[in-house]
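The values are calculated or read from the model by the stated rules, or taken from the named source; none is laboratory data. As the structure is a computational prediction, the values presented were derived from the model and not from experiment. Virtual Cβ from ideal backbone geometry, glycine too; neighbours counted across all protein chains shown.
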Amino acid sequence: MKIFLNLKNKLSVFVTGLFILSTSFAASSTNLSIMMSADGPEVELMESLISKYGSIEPDVNIEINLVGYNVIREQLPVQLEAGTGPDIGKITDLGGLNPYYVDLTPYVDVAEWNKQYGGVLPWYRAGKPDGIFGFHNEMTVTGPYVNLSMFEEAGVEVPSPGATWDDWADATRQVMENTGSYAGMVMDRSGHRMAGPAMSYGAKYFDSNGNMIVDDGFKTFAQKMVDWHAEGLMPADIWPAVSGSKYANGNEMFFNQDVPFYMSGSWNVTNVMNSVGDSFEWTKVPVPCGPAGCGIMPGGSGFVAFNHSPNAEAAAKFVAWLGEYDQARHWYTHRMAIPAHAQIQAEGIDYSEAGASEAVSNALNVFAADAANAAKETPQAYQLQGSKFGFVIYNATTQYLGGVMNGEYDLDTAIERIKSEVAEKTGQ
């Protein structure tokens, strides 16, 4: 087996030392490509697992096509619709890309997968009653990171668990004033990131018939976002600065101590650890609340095999192998990820094996607790994550709220445009 790493579609690099048996492709070789973006050590992890797979399938050659997350969000769906693209993808639009998945059922122990991954398998089905369509390589939870050093410097108390979004706005406003920081709070430019807080203020996202809606709870939190940007508590560099539905994150603003509060998620924990280093003390705090609960969005990414591939069976077998206990545990541990595998969740993970600091371990525990609370308080979060129309409302949220923040139109107009786009694209 050989492993190739294609960096951002521009350069193919032969990864030396990570091949087994042969130094040239045999005539009977099967070549597979994996399109993935990466946070933290994911490329190195995948390289090690591909190398291990070589002892089982030495004639399968796997190329890693490393791209930016926007490529997967924006270009991969177009490729799949055209019948092109990679053999395997690491994707987050779990329900939306469902028509293109290979069913893994022939290659897995069906009863075991339903037992271990039963909580997330419906997200991949997009309305189909059964089938196993992916290995959920990371259970993610949205939530905030806080710069404790900035709070200490400002002489401001960190709000307690159960504090509201307004409480956090007041606290970070004080930190901003006392330290002269650029802004108080930043949130990734993502309708997914905003959905949990909106649910805290009563956003249901679905009516009793399962149709997607934009309601008063959504509008209440949208107004807060608009107001916080207008006053400068949230920076103009993220939501207002990017056009359309394009994603942008607030990583660098948090790392550079431009803001004391960053609404992101659990997938970012290793990046925070590595990028912050000893620059300042940080922590993950429980997600802020509202009158309707303390909303988060669960989710994550999964590896899937695509059915347009001439090597779909080989691709499916590799994805099925990734989801087996040993490989899954290795991935979750060294990715420092919340596991989606029930047995591994119950056993727990010692993240120090992968060099996790106490702050990282604590953060992952708080994220997991947030997810458990949300399952009771805002169950629509799990329904939304499994909807094939999730990205319809996520993208409309960023596009039209960004327009309000840029002064293109008022919030009422934005809400009507979001409703219209949701109705048009969902056929409701």
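Brief remarks on what is shown
- Check on ALA337, among the hydrophobic types (A, V, I, L, M, F, W, C) and over 20 Å from TYR124 (Cβ atoms): no
- The strands (runs of 3 or more DSSP E) falling completely within region 253-319 that include 3 or more residues that are over 18 Å from LEU364 (Cβ atoms) map to 298-305.
- Selection within region 232-252 - within 19 Å of the chain's Cα centre (by Cα) and part of a loop (DSSP other than H, G, I, E, B): ILE238, TRP239, SER245, LYS246, TYR247, ASN249, GLY250
- Long-range neighbours under 8 Å by Cβ, at least six apart or interchain, first residue touching a residue at least 40 places away in the same chain (Cβ under 8 Å) within region 86-103, second in a loop (DSSP other than H, G, I, E, B) and of a type in the set (Lys, Arg): GLY95/LYS388; GLY96/LYS388; ASN98/LYS128; ASN98/LYS388
- Of all residue pairs spaced 6 or more apart or on separate chains, those with beta-carbon atoms under 6 Å, a first member in region 154-169 that is free of Cβ contacts under 8 Å to residues at least 24 places away in the same chain and a second member that is surrounded by 20 or more Cβ atoms within 10 Å (Cβ to Cβ) are VAL156/ALA171; VAL156/VAL175.
- Each residue in region 365-390 was checked for being touching a residue at least 24 places away in the same chain (Cβ under 8 Å), out of contact with any helix residue (DSSP H, G or I) (no Cβ under 7 Å at 6 or more places or on another chain) and either crowded, with 21+ Cβ neighbours inside 10 Å or polar (S, T, N, Q) (or both), and 5 of them qualify.
- Considering residues of region 133-168 that are touching a Lys or Arg at 6+ places or on another chain (Cβ under 9 Å) and among the acidic types (Asp, Glu) only, the residue nearest to VAL226 (Cα to Cα): ASP166
- Qualifying residue in region 293-303 (condition: of a type outside the set (S, T, N, Q), over 30 Å from VAL175 (Cα atoms) and modelled with pLDDT of 95 or more): yes
- Considering residues of region 256-267 that are buried (at least 21 other Cβ atoms within 10 Å of the Cβ) and farther than 15 Å from GLY191 by Cβ only, the residue nearest to the chain's Cα centre (by Cα): TRP267
- Checking the stated criteria, ASP170 turns out not to satisfy the condition of being acidic (Asp, Glu), within 27 Å of the chain's Cα centre (by Cα), modelled with pLDDT of 95 or more and not in a loop (DSSP other than H, G, I, E, B).
- Residue that is outside the structural domain of LYS419 (by TED's automatic domain parsing), more than 16 Å from the chain's Cα centre (by Cα) and among the hydrophobic types (A, V, I, L, M, F, W, C), where the choices are ILE338, ILE349: ILE349
- Selection count, region 75-85, where residues are in contact (Cβ under 8 Å) with a residue 40 or more places away in the chain and assigned to a helix (DSSP H, G or I): 2
- Search result, residues across region 376-393 that are in contact with a strand residue (DSSP E or B) (Cβ under 8 Å, 6 or more places away or on another chain) and not aromatic (Phe, Trp, Tyr): GLU377, THR378, GLN380, ALA381, GLN383, LEU384, GLN385, SER387, VAL392, ILE393
Results for (1) part of a helix (DSSP H, G or I); (2) closer than 24 Å to LEU32 by Cβ; (3) of a type in the set (Gly, Ala, Ser), shown as yes or no for each residue.
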residue: GLY96; (1), (2), (3): no, yes, yes
residue: TRP113; (1), (2), (3): yes, yes, no
residue: ILE132; (1), (2), (3): no, yes, no
residue: ASN137; (1), (2), (3): no, yes, no
residue: GLU153; (1), (2), (3): yes, no, no
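- Residue ID - surrounded by the most Cβ atoms within 10 Å (Cβ to Cβ), chosen from residues in region 75-114 that are more than 19 Å from the chain's Cα centre (by Cα) and among the acidic types (Asp, Glu): ASP87
- Residue ID - nearest to VAL366 (Cα to Cα), chosen from residues in region 241-252 that are crowded, with 19+ Cβ neighbours inside 10 Å and not polar (S, T, N, Q): GLY250
- Count of residues meeting criterion [in contact with a Phe, Trp or Tyr (Cβ under 7 Å, 6 or more places away or on another chain), more than 25 Å from THR105 (Cβ to Cβ) and surrounded by fewer than 19 Cβ atoms within 10 Å (Cβ to Cβ)] in region 324-364: 2
- Test for TRP123: is it in a helix (DSSP H, G or I), aromatic (Phe, Trp, Tyr) and over 19 Å from the mean Cα position of the chain (by Cα): no
- Test: residue in region 186-200 that is over 20 Å from MET263 (Cα atoms), touching a residue at least 12 places away in the same chain (Cβ under 8 Å) and surrounded by 24 or more Cβ atoms within 10 Å (Cβ to Cβ): no
- Out of ASP326, ASP370, one residue alone is among the acidic types (Asp, Glu) and in contact with a strand residue (DSSP E or B) (Cβ under 6 Å, 6 or more places away or on another chain). It is ASP370.
- Screening THR378 with (1) under 22 Å from the mean Cα position of the chain (by Cα); (2) under 30 Å from GLY277 (Cα atoms); (3) not aromatic (Phe, Trp, Tyr) gives one miss only, at (2).
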